[in-house]
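Worksheet for the structure shown next.
The values are calculated or read from the model by the stated rules, or taken from the named source; none is laboratory data. Keep in mind that this is a model prediction, so the values were computed, not measured. We place every Cβ from the backbone using ideal geometry, glycine too, and count neighbours over all the protein chains shown.
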Amino acid sequence: MLRWLRRTPDPKVLVIGLDGVPHSLLTKLIDGGEVPNLAAIAASGELRCAESTQPTVSCAAWTSFTTGVNPGAHGVYGFVDRTPGTYQQYITGSNYVRSPQIWRTLSDRGRRVIVMNVPVSTPPPEVNGFLVSGFLAPSLDGATHPRELRRRLERHGYRIDIDPWKARESLDLLFEDLDLTLKGRVAAAKDLLSTERWSYAMIHIMGTDRANHFAWGRWADQDTQYAPRFLKYYRSVDRAVGEIARAAGDEAELLVLSDHGFTRTLHEINLDAWLREHGYLNVPMAEGARISDVDESTRAFSMTPGRIYINQRGREPRGSVEAGAEYEALRDEIAAGLMGVLAPEDGLPVLERVAKREELWSGEALPTAPDLLAIPRDGYDLKSALGGAELFTSSPITGMHTFDDAFWLIRGRKFAEGAPRVMDGAPTVLRMLGEDLPGQYEGIPR
């Protein structure tokens, strides 16, 4: 059992987020002697398999970590969402999060924080300390608090993210971009951690997720050119963890974790193609097709990843489905139909299940949730593309997220019983700092 004792009169907690690193991969790398810094942390404390959230997408998962609640309470379901009661879409940002994120809670309690690159931190909120937004920020300009932090970061060659379009062109460009981005991230983190006063720091590395999306297939196949590059990058990430932890000091509590797991993508599946084929979606197939093209002839539409919305009369501007019995019957019909989509590899359903929103989430943001969530079997990555006609598709993306293969790694402690869940993050950090937990938290300290 984890004992929540203050180790110093002024406790500090460092969280390092390694986006999308699966527990299964990390244990393999530790056993193979490839990641000595992460191995040393595990030897001193504990490595535990952890659960993500639904949908298994980084913006929802990290927001659950930072708020301690499920998406039905914090309101983040995807990187792109829609304004309730409209067909207008927006990019999810910190101003759409309905529950206080941990840096806000700690700032309000007088704690100084350092937050670097965490998803859903754009625009940068005012904090008691330093914050640089995550990868949805278009550039460093306007992505930092305080604003003058930008110049300090630029001196270290700080980059918010790689260029994913270059990665689609070439894996050589991907790994070059990953190395440069990681170098700047580490330099800036070491600077702030070693020279500033802080109680809580969260350093997020998005590059692991990027490497997994674009190069997982090459790693899985042990491709002679790119599998070694993949492994080399993970060794660099391990060195980064060691350097960042040393800059924070041995007295700081250390929690390293991921927000979801990863596996190989066998197929991408365009839910819009299925909805159109079965008469639920009537938006013309065109390159510029948008949800705003939905009219009364459409009964359902989708958004990545696996989110299905009923075009309900009185709720959507051009809704066609009556609330009540018709709505419920349609949800059941679509769910049953989707479970009949079979994989060409083995003839089994590509989905684990199709869940109704009230089966997954609860809270004040539930009315903005998708009406159904399709939850895929590993290997079948759910997309939405109004302009696409094919159900089974492919792209340069060879890796996809998984729900139950994330990891938590803690230094010098043991976890409480039970598998950690991503929304256990905020309460765990607060207990490590000796702080009381806000009443709205659903997560529990691990």
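Residues in the stretch 42-64 that are in a helix (DSSP H, G or I), surrounded by fewer than 24 Cβ atoms within 10 Å (Cβ to Cβ) and either of a type in the set (A, V, I, L, M, F, W, C) or without any contact (Cβ under 8 Å) to a residue 40 or more places away in the chain (or both): Ala42, Ala43.
For the stretch 224-235, indicate whether the set of residues that are charged (D, E, K, R), under 23 Å from the mean Cα position of the chain (by Cα) and surrounded by fewer than 24 Cβ atoms within 10 Å (Cβ to Cβ) is non-empty. Yes, the stretch 224-235 has at least one match.
Scanning the stretch 181-214 for residues that are out of contact with any Asp or Glu (no Cβ under 7 Å at 6 or more places or on another chain) and closer than 15 Å to Arg229 by Cβ turns up Leu182, Gly207, Arg210, Ala211, Asn212, His213, Phe214. Looking at the stretch 80-184, none of the helices (runs of 4 or more DSSP H) lying wholly inside it contains 3 or more residues that are surrounded by fewer than 13 Cβ atoms within 10 Å (Cβ to Cβ) and at pLDDT 95 or above.
Looking across the stretch 328-360, not a single residue is without any contact (Cβ under 8 Å) to a residue 12 or more places away in the chain, within 22 Å of Thr56 (Cβ to Cβ) and among the small types (Gly, Ala, Ser). Put simply, of Arg377, Arg413 the only residue that is farther than 14 Å from Glu268 by Cα and among the basic types (Lys, Arg) is Arg413.
For first residues located in the stretch 71-82 and within 20 Å of Tyr441 (Cβ to Cβ) and assigned by TED's automatic domain parsing to the domain that holds Cys59, partners that are hydroxyl-bearing (Ser, Thr, Tyr) and outside any loop (DSSP other than H, G, I, E, B) and lie 6+ apart or on another chain with Cβ distances below 7 Å form the pairs Pro71/Ser64; His74/Thr63; His74/Ser64; His74/Thr67; Gly75/Tyr96; Gly75/Thr368; Val76/Thr63; Val76/Tyr96. Scan the stretch 285-343 for residues that are touching a helix residue (DSSP H, G or I) at 6+ places or on another chain (Cβ under 8 Å) and farther than 24 Å from Leu360 by Cβ and report the count. Counting residues in the stretch 285-343 that are touching a helix residue (DSSP H, G or I) at 6+ places or on another chain (Cβ under 8 Å) and farther than 24 Å from Leu360 by Cβ gives 1. Listed by position, the strands (runs of 3 or more DSSP E) enclosed by the stretch 376-446 include none that has at least 3 residues that are surrounded by fewer than 20 Cβ atoms within 10 Å (Cβ to Cβ). Count of the stretch 170-209 residues, restricted to those that are closer than 17 Å to Asp19 by Cα, among the β-branched types (Val, Ile, Thr) and without any contact (Cβ under 8 Å) to a residue 60 or more places away in the chain, is 2.
If Val294 passes every condition in (1) surrounded by 19 or more Cβ atoms within 10 Å (Cβ to Cβ); (2) modelled with pLDDT of 95 or more but one, which one does it miss? Here Val294 meets the rest and fails (2). Could you tell me whether Arg98 is touching a residue at least 12 places away in the same chain (Cβ under 8 Å) and touching an Asp or Glu at 6+ places or on another chain (Cβ under 8 Å)? It is true that Arg98 is touching a residue at least 12 places away in the same chain (Cβ under 8 Å) and touching an Asp or Glu at 6+ places or on another chain (Cβ under 8 Å). Counting just the residues of the stretch 352-367 that are in contact with a Gly (Cβ under 6 Å, 6 or more places away or on another chain) and surrounded by 19 or more Cβ atoms within 10 Å (Cβ to Cβ), which one comes out farthest from Ala335 (Cα to Cα)? Ranking the candidates gives Ala365 first.
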